């Protein structure tokens with residue numbers, strides 16, 4: 001019996017997990033997924049964890065359980081390097097809370113390696129970001145933010161002075177977080193003392209954007225609809241606000257303006273994970289992402305493929321790499337699930353092609369808005385129930401790919417018949 005082809009997938013984000021689940025069903029492949037943490041969280045809804053709104057019981061699920069269900073091996077650990085000549089990935093030693101080594105450094109060998117280590121929010125060398133701002137790059141960040149948010153909301157309720165939260169960056173993360181925080185504010189109203197609609201305001205929300213317009217790069221129709229919804233939620237939007245300094249309770253701009261802030265969220269763009277710069281012998285673009293060819297192979301090692309936020313993938317005829325979105329990562333996972341088995345037997349492989357299916361933004365109680373792409377037609381603006389359904393469908397598709405047709409369908413049905421009306425509030429620490 002011939003040996004199975006060993007494929008290591010570094011990172012269990014949207015794309016990495018979808019790829020592991022799709023490849024694991026093959027008898028000729030041995031799939032190992034590596035991640036630092038024990039569970040998967042669908043990052044497009046990380047802001048809901050931060051705000052305390054969780055709309056699906058499957059927003060978070062154990063890699064160990066998923067591996068058992070789908071047939072891949074999960075190896076928990078921190079990736080520190082790739083040894084190209086050995087075709088091996090090095091994992092850092094695991095230590096206990098006192099710093100003592102529990103598990104020594106591990107070396108995992110592969111035939112093919114897929115890098116899907118995601119991206120992080122850069123500080124652009126802005127003073128005070130590291131010390132005083134929150135960046136929502138992972139579940140730990142969301143958990144820490146939620147605890148701070150709860151404390152400030154309790155203080156606002158007891159003192160009558162609204163908390164100030166300022167979000168820097170008006171991309172999807174910033175706008176969606178602001179809307180969900182406004183939705184979460186309702187959980188802290190004293191309903192025994194005030195009728196609905198008469199509760200005193202507990203939260204001031206401001207979005208600061210360095211560019212001249214909200215959500216740079218978005219279609220004008222989408223931008224106008226977003227502004228309309230944000231104003232209805234009493235969320236202030238300030239453009240041309242170039243931040244120069246963040247202090248404990250204040251934000252300053254290049255023009256000398258300042259804003260008070262109890263919690264500052266830094267959501268200004270995305271670059272490749274810093275580990276990519278020291279991961280191996282790769283060429284990187286100016287945002288620290290690994291350069292890949294039209295098959296998503298690294299340009300320096302044919303045995304290493306790269307996807308998602310880690311990849312600088314420029315489609316033919318495009319001026320810039322694809323943006324770091326779950327949509328791109330999911331399409332790349334589907335492509336590699338078909339391409340890698342063909343590479344294994346030296347069969348021809350078509351180039352990766354990206355189809356932009358549009359952009360959707362969830363605004364909690366204010367619904368959803370977006371632009372969706374239709375074949376051979378211009379994008380169309382959607383909002384209301386149709387947009388909300390389309391937004392939910394994105395996670396439904398992710399669940400279906402990760403859990404498989406049968407379990408995915410059961411999970412989706414369970415969500416649909418849930419008795420809760422709207423997203424429940426998760427305002428505890430567990």
Output for region 86-104, where each listed residue is surrounded by 14 or more Cβ atoms within 10 Å (Cβ to Cβ) and in a loop (DSSP other than H, G, I, E, B): 87, 92, 93
Some residue of region 17-25 being surrounded by 24 or more Cβ atoms within 10 Å (Cβ to Cβ), without any contact (Cβ under 8 Å) to a residue 60 or more places away in the chain and within 18 Å of residue 345 (Cβ to Cβ): no
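Only one of 34, 61 is surrounded by 17 or more Cβ atoms within 10 Å (Cβ to Cβ) and modelled with pLDDT of 95 or more; which?
Just a single option satisfies the conditions, and that option is 34.
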Qualifying positions in region 105-156 - in a helix (DSSP H, G or I) and surrounded by fewer than 17 Cβ atoms within 10 Å (Cβ to Cβ): 130, 131, 140, 143, 144, 147, 148, 151, 154, 155
Sole exception among (1) assigned by TED's automatic domain parsing to the domain that holds residue 337; (2) without any contact (Cβ under 8 Å) to a residue 60 or more places away in the chain; (3) over 22 Å from residue 126 (Cβ atoms); (4) surrounded by fewer than 19 Cβ atoms within 10 Å (Cβ to Cβ) for residue 285, by number: (3)
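For every residue, the table says whether it meets (1) under 30 Å from residue 230 (Cα atoms); (2) at pLDDT below 85; (3) in the same structural domain as residue 23 (by TED's automatic domain parsing); (4) crowded, with 17+ Cβ neighbours inside 10 Å.
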| site | (1), (2), (3), (4) |
| --- | --- |
| 319 | no, no, yes, no |
| 322 | yes, no, yes, yes |
| 325 | yes, yes, yes, yes |
| 328 | yes, no, yes, yes |
| 331 | no, no, yes, yes |
| 335 | no, no, yes, yes |
| 339 | no, no, yes, yes |
| 351 | no, no, no, no |
| 364 | yes, yes, no, yes |
Neighbours by Cβ (under 7 Å, 6+ apart or cross-chain): first from region 60-71, at positive phi; second surrounded by 20 or more Cβ atoms within 10 Å (Cβ to Cβ) and in a loop (DSSP other than H, G, I, E, B): 71/24
Residues of region 157-170 satisfying the condition of being buried (at least 21 other Cβ atoms within 10 Å of the Cβ) and closer than 15 Å to residue 237 by Cα: 165, 166, 167, 168, 169, 170
The one condition in (1) modelled with pLDDT of 90 or more; (2) out of contact with any strand residue (DSSP E or B) (no Cβ under 8 Å at 6 or more places or on another chain); (3) closer than 25 Å to residue 140 by Cα that residue 81 fails to fulfil: (2)
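The values are calculated or read from the model by the stated rules, or taken from the named source; none is laboratory data. Note that the coordinates shown come from a computational prediction; the quantities given were computed from them, not determined experimentally. In this analysis, Cβ positions are derived from the backbone assuming ideal geometry, glycine residues included, and neighbour counts consider all displayed protein chains.
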